[in-house]
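Have a look at the structure below, then the notes.
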Amino acid sequence: MENPKPIAKDKSMSTDVARMMGIDEAERAFGQQVTSQVARVTQELMKLEQLLKAGMVDPSVLMEFRRVVDNVRKTSWSVQQKVVGDPLA
């Protein structure tokens with residue numbers, strides 16, 4: 001006569017594996033979304049650079065933009081350190 005507990009444990013394990021696979025898939029999808037958005041924003045910033053050269057921008061808006069861009073630059077550097085290590089080493 002078989003013991004039902006191992007079967008229940010197997011079901012629980014397969015549910016856990018399925019849940020982990022779902023989490024892995026969600027993490028991959030999120031990573032792809034972030035990568036895509038970074039690539040899109042990079043292209044937009046390159047276009048914006050050309051527009052900024054005209055100098056027709058409100059100085060207070062420009063200051064806020066520069067502050068935010070600097071924060072993003074620092075964050076991206078920190079993430080790069082975590083993901084690929086020190087690029088200068």
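The values are calculated or read from the model by the stated rules, or taken from the named source; none is laboratory data. Worth saying up front: this structure is predicted, and the values here are computed from it rather than measured. Using ideal geometry, Cβ is built from the backbone for each residue, glycine included, and neighbour counts are taken over all protein chains shown.
One line per residue, one yes/no per condition, for (1) modelled with pLDDT under 95; (2) surrounded by 10 or more Cβ atoms within 10 Å (Cβ to Cβ); (3) under 21 Å from the mean Cα position of the chain (by Cα); (4) not aromatic (Phe, Trp, Tyr):
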| position | (1), (2), (3), (4) |
| --- | --- |
| Pro4 | yes, no, no, yes |
| Lys9 | yes, yes, no, yes |
| Asp24 | yes, yes, yes, yes |
| Arg28 | yes, yes, yes, yes |
| Ser60 | no, no, no, yes |
| Asn71 | no, yes, yes, yes |
| Val79 | yes, yes, yes, yes |
| Asp86 | yes, no, yes, yes |
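For the range 25-63, give me each residue that is outside any loop (DSSP other than H, G, I, E, B) and over 28 Å from Val83 (Cβ atoms).
Across the range 25-63, the qualifying residues are Gln50, Leu51, Leu52, Pro59, Ser60, Val61, Leu62, Met63.
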